[in-house]
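Each remark here refers to the structure printed beneath this line.
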Amino acid sequence: MYASELPDAVVRFMAFVFGATWGSFFNVCIYRWPRHMSVVSPPSHCPACGAPIQAWRNVPIFGYLFLRGRAACCGAKMTPRYMVVELLGALLCVGIAERFIVHAPPGVELVPVALTALAYFMFAGGLLVATFIDLEWLVIPDEVSLPGAALGLLVAGNGMGMVTAEDAALGAAMGFLFVQLVFVWAYERITSRRGMGEGDPKLLLMIGAFLGWKGVLFSVVAGSMQGLLAAAVSFVAGSSLLPAPPHDPLDGWEREDLLAYLKDLFGRHPELRQSEEGLLRLDLGLGAPLADDSTVAHEPPLPSQPTSDDAASHGDDGASHGDDGASHGDDSASAADAVVPTPAATEANATEPVSLAEPDPERAMIPFGPFLALGALEFFFFGERLIDAYFGLFD
């Protein structure tokens, strides 16, 4: 079957549904990967009341609208970010299908171009995941960049990509080594602080594997210009590009009350002692371990502690309005209130609670990953026209 035989409207509709569905999975990755949690289990459930999420509520985009931004089981508020990710996934998939399938030349087989479109959608999805994780955590997980780079080189090696295998290899190497040598290692040697994080060169490794060396250069230049513009606007407006750091969940708690709360928590959730997926060690500096090898997950903010409505999530599969970020209830978890790893308490401070919300100087930094991702998508969809328009200014 030839790609041109499919009606354009059918291709766009299928791409929209496919992209929105994968957008739900992207939400899982955005929430779980930075917390070192599995994207497979546990299944979706409401964090505020623990109720399982019915399949018919897992409709991407529309589920959020039908529920009016509230969990159906208990009314916990949900952040619209999850709907936004699903919508962006749908639109990116439609744009990629438009390029590779709708506008495929006559006589081109459907299966090869569909596989190419799928590979580039995974690339765009990786950029989307990296953007939202970097905005919140100032990190870009290797789970995004390294498999994405391998996929890009595989696609180019089979002659299915936008660039040749040599261009893909050169772009990947240049993207990683140039940024790593100049903006990470050399900059740190000269200024004693990082110019970029370790995740940015790996993200450019993936960008170069899919878009070649031209895509790398465009992403760096366009990303830098747009990043500076965003920083200037943020400075003038007196706001930050990053969300506010989490409050200290231990603030105002007495030792005995905290121990009683954790004891009750382990009693209600014995699986927390055994599960190895997504659990973070909790050292509260209380002078003695709570139990042998005790662990705690991204459980609720401690009762009566302040929570942020914006932390409430849509669902642990991104479309289920469940466990990935809601922060209203005994079983909630959120980016703002999740328990984070802390250094083991020393003998000197063993009797003092450890603060989990000490000021982080990196919060003042600008995450560069989102602007690299934006530049890469601009090059993918409009690169040649943008370059021609730029150089046309000097003719």
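All of the numbers you see were taken from the coordinates with simple rules; none came from a lab. Model, not experiment: these values are computed from the prediction. With ideal geometry, Cβ positions are generated from the backbone for all residues, glycine too; neighbour counts draw on all protein chains shown.
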The extension gain from Tyr390 to Ala9, computed as 0.36 nm times the residue separation minus the Cα-Cα distance, is 133.8 nm
Checked against the positive end of the charge dipole of segment 32-122 (+1 on Cβ of Lys and Arg, -1 on Cβ of Asp and Glu, about the Cα centre), the farthest of Phe62, Pro112, Pro52 is Pro52
Full extension between Arg189 and Ile366 adds, at 0.36 nm per residue less the Cα distance, a length in nm of 61.7 nm
Rounded to whole angstroms and listed largest first, the alpha-carbon spread of segment 1-78 along its three principal axes comes to 50, 30, 17
Residue separation between Val40 and Gln54 times 0.36 nm, minus their alpha-carbon distance, gives in nm 3.3 nm
Applying the gyration tensor rule to the Cα atoms of segment 81-151 (axes a ≥ b ≥ c; rounded if a/c under 1.5, else prolate if a/b exceeds b/c, else oblate), the class is oblate
